[in-house]
Amino acid sequence: MRLDRFLSETTGMSRKEATKTLHRSEVTVNGDVAKKGVQQISDDSVVIWNGVQLKLMGPTYLMMHKPTGSVCANDDPNHMTIFAYLDIPNPDKLHTVGRLDVDTSGLLLITNDGQWSHRITSPKHKCTKVYRAWLADPVDEADVKLFAEGIQLRGEATLTEPAKLEIVGEKEALVYITEGRYHQVRRMFAACGNKVESLHREQVGELALDPDLAPGEARALTAEEVALF
Ligand code: URA
């Protein structure tokens, strides 16, 4: 890889800024000042800028406690994006594993490993997502059967896959779904004549949101957590 591209990928600076940085003799490669962006960098090159060794982003797996009001997008004119909460140089190299809508909080997985995220989001794998929903009206016992049988959502060709609805309070329920249709949980309750007032994702597969993460905080997954999927 060219040195100017390496600088830009590891720091987030533009190629133009990288060229200027090199001209200012701020970068060394294997101990020698490097001034030319065309210089090739290999896997074992030691590149130092302002005393800090730069490293390319390897496979990255994060869990975030997504706050309400943030969007799962790289840019948004009206809302904070979830990537703005990550203090890393090139967050646009990462993607979210599925999406949570702007008003939903909770467990969000973020990675640069497309195959890993596919295993979680592909309908084929039927990975269970667990949501806690707070509702406008008392949850109807009859909805448990409707969720289990599949619900006809407006504008959809097929019924939703069987889902588990667990009533945990008068207006509070846990929902277990294996798909990720647009605003699925809100629309399932709407189809039953109720309204979701707050929605929080607690779990994806066997992985639960770390209770130590405050809204907006993220941490790297452990190797064991990555291997769950
Ligand atoms: N269902 C919803 O309605 N919203 C989400 O963010 C996720 C599932």
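The values are calculated or read from the model by the stated rules, or taken from the named source; none is laboratory data. Predicted model, so just to flag it, every value in this text is computed and none were measured. Heads up, the Cβs are rebuilt from the backbone with ideal geometry, glycines too, and the neighbour counts pull from every protein chain shown.
Tally up the residues in the stretch 185-203 that are closer than 23 Å to S70 by Cβ and touching a strand residue (DSSP E or B) at 6+ places or on another chain (Cβ under 6 Å), please. Of the residues in the stretch 185-203, 11 are closer than 23 Å to S70 by Cβ and touching a strand residue (DSSP E or B) at 6+ places or on another chain (Cβ under 6 Å).
Any residue that is within 15 Å of the chain's Cα centre (by Cα) and in contact (Cβ under 8 Å) with a residue 40 or more places away in the chain - is there at least one of those in the stretch 165-176?
no
What number of residues within the stretch 46-69 satisfy the criterion of being surrounded by 14 or more Cβ atoms within 10 Å (Cβ to Cβ) and either in contact (Cβ under 8 Å) with a residue 24 or more places away in the chain or at positive phi (or both)? Residues meeting the conditions: 13. When E9 is tested against (1) of a type in the set (D, E, K, R); (2) buried (at least 17 other Cβ atoms within 10 Å of the Cβ); (3) more than 24 Å from A220 (Cβ to Cβ), just one condition goes unmet, and that condition is (3). When L109 is tested against the conditions (1) of a type outside the set (V, I, T); (2) assigned to a strand (DSSP E or B); (3) more than 22 Å from H183 (Cα to Cα), the lone failure is (3).
The condition of being under 28 Å from S70 (Cα atoms), modelled with pLDDT under 95 and among the hydroxyl-bearing types (S, T, Y) holds for only one of S117, S105, S122, that being S122.
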